[in-house]
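Chemist: Structure provided below as structure tokens; questions to follow.
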Amino acid sequence: MKVVLASRNNHKIVEMQGLLSKLCGEDITVLSLDDIGFTGDIEENGTTFAENALIKCRAPKCDLPVIADDSGLMVDVLDGEPGVYSARYAVDHAGDELGDHANNEKLLAKLEGYRPEEKTSRFVSAVACVFPDGRHIVCEGKCEGMILTEYRGTGGFGYDPLFYVPQIGKTFAEMTQEEKNSVSHRANAMKLFAAEFKKAINEN
Ligand code: IMP
């Protein structure tokens, strides 16, 4: 069967194709927004990861199931910041994103003065699918961790070097891909999602 992933990121398309085929035991072809000729921009103006994932699913309006994900970091003492603004936490005067390093520096500045044990946080990932008949599913995965005061590790992206996972004893940036996949918010969301998705397509 064919599904659309509301993304133009080729890496995500290939990853989703492999995960869905493996976890659902079906032959699934994942198409990108480019493959279905959707050229518009999607405004992610939801207040939760789940809302944003559903907004992305509903944007292309096509007659195939559309899947999308949205994720980010939530820090308890910052009332859940950066949250849905994780990618665009640090911006310039024109509102343009300043990127991963500036985001991390902003987070470190905001957390100055807090004791290590106060800096509890979690990554959250929401994966959603909207079917042509309007039904939808949304699944959320989490990974609990602490924000450090210094960068550790060189792998990964985003907030990885500041996010320490006690369960593994490493930051995301110090983990191998396999270690990250064993605990990550995205992997946890995908496991739940694949089970729900399989159920939904078998109901048809
Ligand atoms: P997206 O919704 O998956 O594109 O993620 C939005 C933003 O959340 C990214 O630009 C990162 O800043 C942050 N983020 C999400 N997942 C991760 C992760 O696994 N490691 C580090 N940062 C992440």
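The values are calculated or read from the model by the stated rules, or taken from the named source; none is laboratory data. None of the values given here were measured: they were computed from a predicted structure. We place every Cβ from the backbone using ideal geometry, glycine too, and count neighbours over all the protein chains shown. Surface areas here come from the heavy atoms of the whole protein model, side chains and all, with no ligands, DNA or RNA. Shrake-Rupley method; radii C 1.70, N 1.55, O 1.52, S 1.80 Å.
Chemist: Please enumerate, by chain and number, the lysines with C-alpha under 16 Å from the C-alpha of Lys110, excluding those fewer than 8 residues away in the same chain.
Modeler: Lys119
Chemist: What is the gain in length, in nm to one decimal, between Lys110 and Lys22 on full extension, counting 0.36 nm per residue of separation less the C-alpha to C-alpha distance?
Modeler: Working: separation 88, 0.36 × 88 = 31.68 nm, distance 4.12 nm.
Gain on stretching Lys110 to Lys22: 27.6 nm.
Chemist: Please arrange Arg152, Arg122 by accessible surface area, largest first, computed with a 1.4 Å probe and ligands excluded.
Modeler: On the way: Arg152 95, Arg122 45 Å².
Greatest to least solvent exposure: Arg152, Arg122.
Chemist: Additional query: 7 Å from Cα along Cα→Cβ at both Gln177 and Glu15: what's the point-to-point distance in nm?
Modeler: 1.0 nm
Chemist: If you place +1 on the Cβ of every Lys and Arg, -1 on the Cβ of every Asp and Glu, and leave all else neutral, what size is the dipole of the stretch 2-203 about its Cα centre, to the nearest 20 Debye?
Modeler: Numbers: 22 positive and 33 negative charges, 102 e Å.
Its charge dipole is roughly 480 debye.
Chemist: Once ligands and nucleic acids are excluded and a 1.4 Å probe is used, how much of Asp34 is accessible, expressed in Å² to the nearest 10?
Modeler: 90 Å²
Chemist: Now, a different point. Suppose the chain between Glu150 and Lys191 were pulled fully straight at 0.36 nm per residue; how much longer would it get relative to their current alpha carbon spacing?
Modeler: The Glu150-Lys191 span can extend by a further 11.6 nm.
Chemist: Let me ask something additional. So for the pair Leu98, Ile36, with labels modelled 7 Å out along Cα→Cβ, what separation do we get in nm?
Modeler: 3.7 nm
Chemist: What percentage of the solvent-accessible surface of the stretch 46-134, computed with a 1.4 Å probe over protein heavy atoms, is contributed by carbon and sulfur atoms? Numbers along the way, then the final one.
Modeler: Details: 2210 of 4280 Å².
So the carbon and sulfur contribution to the accessible surface is 52 percent.
Chemist: Ignoring everything except DSSP H segments at least 4 long, calculate the 222 nm mean residue ellipticity for the chain; use -39,500 (n - 2.57) per segment, divide by total residues, nearest 500. Please report the intermediate quantities before stating the final value.
Modeler: Working: 5 runs with 61 residues, N = 204.
The per-residue figure over the chain is -9500 deg cm²/dmol.
Chemist: For the stretch 44-95, what does the alpha-carbon gyration tensor say about shape, rounded, prolate or oblate, given a ≥ b ≥ c as the root eigenvalues, a/c under 1.5 as rounded, and a/b over b/c as prolate? Before the final figure, lay out each step's value.
Modeler: On the way: a/c = 3.59, a/b = 1.81, b/c = 1.98.
Judged from the Cα gyration tensor, the stretch 44-95 comes out oblate (a/c at least 1.5, b/c at or above a/b).
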